[in-house]
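Colleague: Got a structure for you, written out below as C-alpha cells; questions coming shortly.
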Amino acid sequence: MTEVPTIELNDGARIPQLGFGVFQIEPDETAGAVKQALEIGYRHIDTAEMYQNEKGVGQGVRDSGIDRGEVFITSKLNNGFHNPDDARRAFDETLNALGFDYVDLFLIHWPLPTLYDGDYVSTWKTLEEFKKDGRARSIGVSNFQVAHLERLAEETGTVPAVNQIEVHPYFANDEVRAYGKEHGIATEAWSPIAQGKVLDDPVVTRIAESSGKSPAQVVLRWHIQRGDIVFPKSVTLQRIKDNFALFDFELGTEDFDAISGLDKGEDGRIGPNPDTFDYIPD
C-alpha cells in the first residue's frame, strides 16, 4: 500500500499530507465513501459540523474495520457557535455524531470578522480547553488571514497547528502561506483544483499529457510538492483511487514553475473573502 507522507505539526502530532474530504457529500452517502477511501489507503478524513455528515464519517471508519487510532479525523466548528458555551455544546455534538471520544484536529471554520463583535479570540480560547482535556489532539483555524492570526498570537498562548485556506494554482494565497511557514502553522488547501476550473487550463493539460497523468493528479501533485496538505473529495470510486495515486511521479522544476505561474492573486479567488464573510447557516 502507498505510504502517504506525514507532516509534523507544531504540537508534535503528525498529519497525513493527503486526505479525503467529504464537503458536499450527502449524509447518506458519506459512510460508504469514507469506507471506500480507507480501503484504498487514505488515513485522513476532513469533515465539519457545517457539512452535516459527521455521523457518516464515524460510521465509515467503523465499517472499514480500521482501528480508530490509525485514522486522522478533522472537524470544524460551525459558524453559529462562536460563543464559548455554544462552542462547547457544538463540540460535544461533534464527538457524539462521530461516535468517538476525541478528534485529531478541530478548527474554527471561519473568523467571522464582524459577527460576535469580531470576537473569535474567546472562541479560540475555548478550543484551547478541548486540547487541554485531550478531546481535540490538535487545534487550528480555517480561512484565517494574516491579521486574524496576528491577533491570536497577541491575545492567546497557543499557535494554531494548521490554517485551512483556499489554495489552488489560480489563487496561491502565498501571503497567508508564508506567514504560516514563518510561525510553524501548516497550510491545508481547500478547493485544491479550484472546483475543477483549473483542470482545463492549457498549461495543466499539457503537463498532464506529457506526464501520462490526469490534470487533477498533476495539480494535486503540485500541492504536495509545495508542502500543502490536501484532501480532494469525490464519491466516484475511480476518482478516489486516482486522487490517491500521487506518489509514483514528480513534477520537474519547469512544470512546477509553470503551474505556479498561473496564480491570479485575489482575482483567482473562487470562495468567500474571509475579511468580509459573515455567513451563518440556517
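Colleague: Apply the a/c threshold of 1.5 to the C-alpha gyration tensor of the range 1-45 and tell me whether it is rounded, prolate or oblate.
Modeller: It is oblate, given that a/c is not under 1.5 and a/b is not larger than b/c.
Colleague: What Rg and what Dmax come out for the chain when only alpha-carbon atoms are used, in angstroms?
Modeller: Spelled out, the Cα radius of gyration and Dmax of the chain are 18.0, 54 Å.
Colleague: Under a point spin-label approximation (7 Å from Cα along Cα-to-Cβ), what is the Thr2-Phe23 distance to one decimal in nm?
Modeller: The two pseudo-label positions are separated by 2.1 nm.
Colleague: A follow-up question, please. Lys197 to Arg14: extension gain in nm, 0.36 nm per residue of separation minus the Cα-Cα distance?
Modeller: 62.8 nm
Colleague: Do me a favour and compute the ellipsoid semi-axes for the range 83-128 from its Cα gyration tensor, root of five times each eigenvalue, largest one first, whole Å.
Modeller: Output for the range 83-128: semi-axes of 22, 10, 9 Å.
Colleague: Which pairs, out of Lys213/Lys264; Lys181/Lys264; Lys76/Lys233; Lys125/Lys181; Lys35/Lys131; Lys55/Lys76, put more than 19 Å between their alpha-carbon atoms?
Modeller: Lys213/Lys264; Lys181/Lys264; Lys125/Lys181; Lys35/Lys131
Colleague: Specify, per residue and in Å³, the volume enclosed by the convex hull of the alpha carbon atoms belonging to the range 148-268.
Modeller: Here the figure is 114 Å³ per residue.
Colleague: Counting DSSP beta bridges with both partners in the chain, what percentage is antiparallel, nearest 5?
Modeller: 15 percent
Colleague: Which cross-chain or sequence-distant (5 or more) residues have an amide H under 5 Å from the amide H of Ser138, H modelled 1.01 Å from N in plane?
Modeller: Excluding prolines and chain starts, which carry no amide H, the hits are Leu105, Phe106.
Colleague: Using only the Cα atoms of the range 63-182, build the gyration tensor, take square roots of its eigenvalues as a ≥ b ≥ c, and label the shape rounded, prolate or oblate: rounded if a/c is under 1.5, else prolate if a/b is larger than b/c, else oblate.
Modeller: It comes out oblate by the Cα gyration axes.
Colleague: Can you tell me how much longer the chain between His183 and Glu93 gets when fully stretched, taken as 0.36 nm per residue apart minus their C-alpha distance, in nm with one decimal?
Modeller: Stretched fully, the His183-Glu93 segment lengthens by 29.3 nm.
Colleague: Once the Cβ-Cβ distance between Asp133 and Gln225 is put in as r, and R0 is 35 Å, what FRET efficiency do you end up with, to the nearest 0.05? Spell out each step's value before the answer.
Modeller: Details: r = 37 Å, r/R0 = 1.06.
After rounding to 0.05, the efficiency reads 0.40.
Colleague: Probe of 1.4 angstrom, ligands and nucleic acids ignored: what's the accessible area per residue over the range 137-266, in square angstrom?
Modeller: Ligands and nucleic acids excluded, the result is 43 Å² per residue.
Colleague: What does the highest-first list of 99-109, 234-244, 10-20 look like by mean Cβ count within 10 Å? It would help to have the intermediate numbers written out before the result.
Modeller: Working: 99-109: 21.0, 234-244: 16.1, 10-20: 19.2.
Put in order of decreasing packing, that is 99-109, 10-20, 234-244.
Colleague: Please check which bits of the range 135-154 a label hung off Tyr116 would reach, taking the label as a point 7 Å along Cα-to-C-beta and the cut-off as backbone N under 12 Å.
Modeller: So the set is 142.
Colleague: Still on this structure, I have one more. Two decimals, Cα atoms only, Kirkwood Rh: what is Rg/Rh over the range 1-133?
Modeller: Computed over Cα atoms, the ratio is 0.98.
Colleague: On to the next question. To the nearest 20 debye, what charge dipole does the chain have about its Cα centre, counting +1 at the Cβ of each Lys and Arg and -1 at the Cβ of each Asp and Glu?
Modeller: Once rounded to the nearest 20, the dipole reads 580 debye.
Colleague: What number do you get for the range 24-89 when its Cα radius of gyration is normalised by 2.2 N^0.38 Å, N = residues?
Modeller: Here the Cα radius of gyration is 1.19 times the empirical estimate.
The values are calculated or read from the model by the stated rules, or taken from the named source; none is laboratory data. Owing to the predicted nature of the structure, the values given are computational and were not obtained by experimental measurement. Here the Cβ is made from the backbone with ideal geometry for all residues, glycine too, and neighbour counts use every protein chain on show. With ligands, DNA and RNA removed, areas are computed over all heavy atoms of the protein, side chains included. Shrake-Rupley method; radii C 1.70, N 1.55, O 1.52, S 1.80 Å.
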